[in-house]
Amino acid sequence: MEFIVSLQLMRQYAEQQRCAGRRLALVPTMGYLHEGHLQLIRRARQLADVVITSVFVNPTQFLPGEDYERYPRDIDRDRRLAEAAGSDVLFAPLVQEMYPAGYTTRVSVLGVSEPFEGVYRPGHFDGVATVVTKLFVITRPHIALFGQKDWQQTLVVRQLVRDLNFEVDIHVVPTVREPDGLAMSSRNVYLEPEQRQKATALYRALQRARALVLQGERRRSVIVQALLEELARVPELQLDYAAAARAQTLEEPEEFAPGEQVVLLVAARLGGTRLIDNELVDVPQYGAERA
Ligand code: AMP
């Protein structure tokens with residue numbers, strides 16, 4: 001596997017591969033790779049000739065006071081894991097080259113970036129849209145893979161691709177979970193053993209609300225109430241939001257329509273660790289379907 005730090009070398013490599021007629025896939029990450037990331041890499045391996053995994057803890061998507069400095073980093077481990085999962089390149093640019101002195105440009109996607117994460121992490125999606133734009137320009141991928149774990153982010157990226165005419169196909173890979181349901185995340189290492197156990201409340205809440213929708217419940221307030229009740233069983237959880245929304249637009253109607261795809265969204269803090277998770281569910285066409 002190639003290990004590339006320099007933006008110029010990355011651009012040259014991508015250009016050569018494109019000229020040789022190969023299909024390039026990009027898997028953008030912030031590193032400290034786990035099974036969720038590796039699933040994206042493996043899927044990329046199936047879809048493309050050349051897999052580029054980027055590892056970049058992007059400072060512009062962290063708000064002041066968030067965990068940018070303490071975000072876990074282990075580039076040697078990432079190299080081994082990315083290679084074993086089938087990546088051809090690990091691209092690990094330096095902050096000072098991505099954002100040199102005098103850098104002033106920011107990409108803002110409006111609309112889908114505004115609710116939920118947009119409220120609790122204002123400016124976060126500007127940072128995401130900016131770095132994804134830069135990574136697309138530098139690595140010139142034909143496809144890029146993102147995790148369902150960050151559902152709102154996938155909508156922001158799809159909007160970005162449409163609006164800025166990137167010729168990049170976006171693939172969304174299902175969330176990889178621990179055996180007890182907790183969504184894998186680099187941030188899970190922050191959790192103390194007791195918190196780690198309590199963190200499964202997010203998954204349980206999502207499953208309960210999902211079952212309710214599959215039983216035919218279409219009233220948003222009732223669906224959200226199910227999320228809230230389950231989350232309230234763990235008083236240590238400080239809730240940012242629990243919501244049910246149209247999966248593609250994040251609109252929150254009073255009642256969902258039969259056949260509509262709904263995303264159930266949860267974000268909460270446990271001690272100093274912020275956890276997010278979501279679940280997609282199709283509203284049954286006719287009455288109840290089996291959960
Ligand atoms: P991150 O390193 O957390 O920025 O994540 C990089 C990519 O991996 C994003 O597209 C995430 O949505 C995706 N990802 C993170 N955790 C998971 C997971 N548990 N399952 C699937 N994809 C994930």
If S108 passes every condition in (1) open to solvent by 50 Å² or more (accessible area, probe 1.4 Å); (2) away from the ligand (no atom under 16 Å from the Cβ); (3) over 18 Å from the mean Cα position of the chain (by Cα) but one, which one does it miss? (3)
Counting just the residues of region 211-228 that are open to solvent by 70 Å² or more (accessible area, probe 1.4 Å) and part of a helix (DSSP H, G or I), which one comes out farthest from A245 (Cα to Cα)? Q225
For P93, work out the one condition from (1) within 16 Å of the ligand (Cβ to nearest atom); (2) surrounded by fewer than 18 Cβ atoms within 10 Å (Cβ to Cβ) it doesn't fulfil. (2)
Here are P64, P122: which of them is open to solvent by 20 Å² or more (accessible area, probe 1.4 Å), in the same structural domain as R22 (by TED's automatic domain parsing) and closer than 30 Å to V262 by Cα? P122
Output the residues belonging to region 166-183 that are within 12 Å of the ligand (Cβ to nearest atom) and not small (G, A, S). I170, H171, V172, V173, P174, T175, V176, R177, E178, L182
Residue under question is Y32, and the condition is that it be within 13 Å of the ligand (Cβ to nearest atom), assigned to a loop (DSSP other than H, G, I, E, B) and free of Cβ contacts under 8 Å to residues at least 24 places away in the same chain; does it hold? no
Which condition from (1) part of a helix (DSSP H, G or I); (2) of a type in the set (A, V, I, L, M); (3) surrounded by fewer than 18 Cβ atoms within 10 Å (Cβ to Cβ); (4) away from the ligand (no atom under 16 Å from the Cβ) is the one that L231 breaks? (3)
Of residues in region 43-70 being touching a Gly at 6+ places or on another chain (Cβ under 6 Å) and part of a helix (DSSP H, G or I), the one farthest from A144 (Cα to Cα): T60
Taking region 180-197 and the residues there that are assigned to a loop (DSSP other than H, G, I, E, B) and in contact with a Phe, Trp or Tyr (Cβ under 7 Å, 6 or more places away or on another chain), the one that is surrounded by the fewest Cβ atoms within 10 Å (Cβ to Cβ) would be G181
Please tell me if P115 is more than 16 Å from the ligand (Cβ to nearest atom), assigned to a loop (DSSP other than H, G, I, E, B) and over 16 Å from I143 (Cα atoms). yes
With the requirement that a residue be within 10 Å of the ligand (Cβ to nearest atom) and in a helix (DSSP H, G or I), what does region 133-151 give you? Q148, K149, D150, W151
Between a residue in region 145-171 that is under 16 Å from M30 (Cβ atoms) and any residue that is open to solvent by 50 Å² or more (accessible area, probe 1.4 Å) and more than 9 Å from the ligand (Cβ to nearest atom), which pairs come within a Cβ distance under 7 Å, given they are 6 or more apart or on different chains? L145/R43; L145/H171
Keeping to region 197-210, report how many residues are out of contact with any strand residue (DSSP E or B) (no Cβ under 9 Å at 6 or more places or on another chain) and of a type outside the set (D, E, K, R). 2
If you go through region 152-165 one residue at a time, do you hit one that is within 16 Å of the ligand (Cβ to nearest atom) and either over 19 Å from the mean Cα position of the chain (by Cα) or in a loop (DSSP other than H, G, I, E, B) (or both)? no
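The values are calculated or read from the model by the stated rules, or taken from the named source; none is laboratory data. Computed from a prediction, not measured in an experiment: that's the story for all the values here. We place every Cβ from the backbone using ideal geometry, glycine too, and count neighbours over all the protein chains shown. Ligands, DNA and RNA are stripped out before the accessible areas are found, and what is left, the full protein with its side chains, is counted by its heavy atoms. Shrake-Rupley method; radii C 1.70, N 1.55, O 1.52, S 1.80 Å.
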